[in-house]
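Nothing in this text is a laboratory measurement; each read-out follows from the coordinates by a stated rule. Remember, predicted model here, so these are calculated numbers, not experimental data. Virtual Cβ from ideal backbone geometry, glycine too; neighbours counted across all protein chains shown.
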Amino acid sequence: MRTNRLTLTDFSTLITFLSVIGLFIGCSSLRNEVDPSLLGFASSKLVVTGYLSPQDTTLAVKVTRSKTVVGNDSLDTGSNVTDATVTLTEGSRSVILRYNRLNSPVDSLKQPYYSASARMLPIITGRTYTLTVTTPNGERVRSTCTVPNRVRPTAVTFDSTTENQGRSLLRRYYVLVRWQDPPGEANYYQVTGYFQYMTKPVQGVSLLGTTQLSNSDDNRGLFSDAGLDGTQMISGKAYMLSTPFTSDQVTNFYGKYRDAKVTVNLMSVDRAYYQFQEAVIRQRRVRNNPFAEPVLIPSNIEGGLGCFAGYNNATLTLKLK
């Protein structure tokens with residue numbers, strides 16, 4: 001008569017099998033159905049975006065409505081709000097911004113913003129402005145901002161770098177921007193700009209063009225003077241254009257253009273602008289990563305969402321050809 005015995009190998013196999021079963025059971029227990037009624041129906045909010053600068057000729061504010069995750073799809077469309085009353089105030093002065101209604105092809109270049117001429121309420125450095133938005137159904141949001149002092153760029157340096165692209169090389173042209181940070185205060189900046197050129201004629205034809213500068217730093221040209229107060233600050237590489245070539249070719253930037261210049265903007269921005277844009281940049285950087293930690297976008301709109309901020313722009317142009 002044969003006796004069935006559980007060997008050590010059989011015992012190990014059994015333990016492994018039971019562990020796997022337990023794992024599946026445990027995973028199943030983590031999946032719970034949630035009654036949507038328990039989540040509630042979050043109401044949409046007004047989303048307001050507006051930036052004030054002494055250099056702007058138009059005061060513009062965009063008003064939309066947020067689209068909730070759980071809610072009535074017929075209401076929460078994230079569409080433009082066209083019937084609001086938008087008021088900008090500084091001291092005893094105020095102006096109402098009117099909505100740009102696009103009614104004809106002539107209006108195609110307009111944007112769906114509330115706007116007014118800056119002559120009606122000039123934006124002045126150091127002044128504090130209040131924005132109020134109300135809607136016919138009783139919604140009301142409010143925000144304030146103070147326009148920071150202007151900081152001028154002191155130098156723009158033109159240079160290039162060569163990258164190996166396998167069978168070919170890539171010459172990338174860029175500029176660096178320098179400026180002196182005012183000591184004893186928190187300052188925030190954003191560097192932007194553009195490259196303008198006219199090529200030498202080929203078969204009697206010259207090409208005109210303008211390209212935006214592309215910042216190489218992680219914050220896309222956004223800077224804070226934290227830890228750098230009162231020092232000379234320098235931007236990351238702001239790329240103008242790229243030229244592919246092979247090892248037996250000679251690149252000649254200056255020989256290609258009849259005229260070429262690069263203009264940089266050093267925008268002195270307030271804290272709300274910096275925090276909002278920095279969070280948006282971080283969100284875009286990780287939005288395709290399902291394992292990334294969610295990025296909360298800050299808002300300085302009381303009763304709503306968005307950003308209302310001030311900035312002051314200073315430009316410097318470097319003629320290259």
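Applied to segment 90-96, the Karplus parametrisation 6.51 cos²θ - 1.76 cosθ + 1.60 on θ = phi - 60° returns per-residue 3J(HN,Hα) values of 9, x, 8, 9, 8, 9, 9 Hz, with x for Gly and Pro. The label-point distance for Asn289 and Ser206, in a model that sets each label 7 Å from Cα toward Cβ, rounds to 4.7 nm.
Note on segment 243-299: dipole from Cβ charges, positive end direction compared against Tyr257, Gln283, Thr243; the farthest Cα belongs to Tyr257. Whole-percent P(r), segment 123-177, all Cα pairs, 5 Å bins from 0: 4, 12, 10, 9, 8, 9, 8, 8, 8, 9, 9, 4, 1. What lysines does Lys261 reach when the alpha-carbon gap must be under 17 Å and sequence neighbours fewer than 8 apart in one chain are set aside? In chain and number order, the partners are Lys200, Lys237, Lys319, Lys321. Rg and Dmax of segment 243-307, based on Cα coordinates, read 21.0, 63 Å. Dipole magnitude for segment 144-291: computed about the Cα centre from +1 point charges on Lys and Arg Cβ and -1 point charges on Asp and Glu Cβ, it is near 540 debye. The length gained by stretching the chain between Lys321 and Thr128 to full extension, at 0.36 nm per residue less their Cα-Cα distance, is 65.3 nm. Extension gain for the segment Thr82 to Gln180, taken as residue separation times 0.36 nm less the Cα-Cα distance, is 31.0 nm to one decimal. Directionally averaged projected area (segment 140-243, Cα convex hull): 11.7 nm². The label point for Arg98 and the one for Phe158, both projected 7 Å from the Cα toward the Cβ, are 4.5 nm apart. Between Arg150 and Gln55, the simple spin-label model (points 7 angstrom out along Cα→Cβ) gives 0.8 nm. If you take the Cα centroid of segment 258-298 and the Cα centroid of segment 151-167, the two points sit 20 Å apart.
What the Cα atoms of segment 174-228 give is an Rg and a Dmax of 17.2, 58 Å. Here the Kirkwood formula puts the hydrodynamic radius of segment 197-271 at 15.7 Å, using every distinct Cα pair.
Binning the C-alpha pair distances of segment 148-207 at 10 Å intervals from 0 yields a P(r) profile of 14, 29, 29, 18, 8, 1 %, listed from the shortest bin outward. Multiplying the residue separation of Glu302 and Arg167 by 0.36 nm and removing their Cα-Cα distance gives an extension gain of 43.0 nm.
Count charges around Thr199 for me, please; just the other residues with Cβ under 13 Å from its Cβ, Lys/Arg as +1, Asp/Glu as -1.
+3
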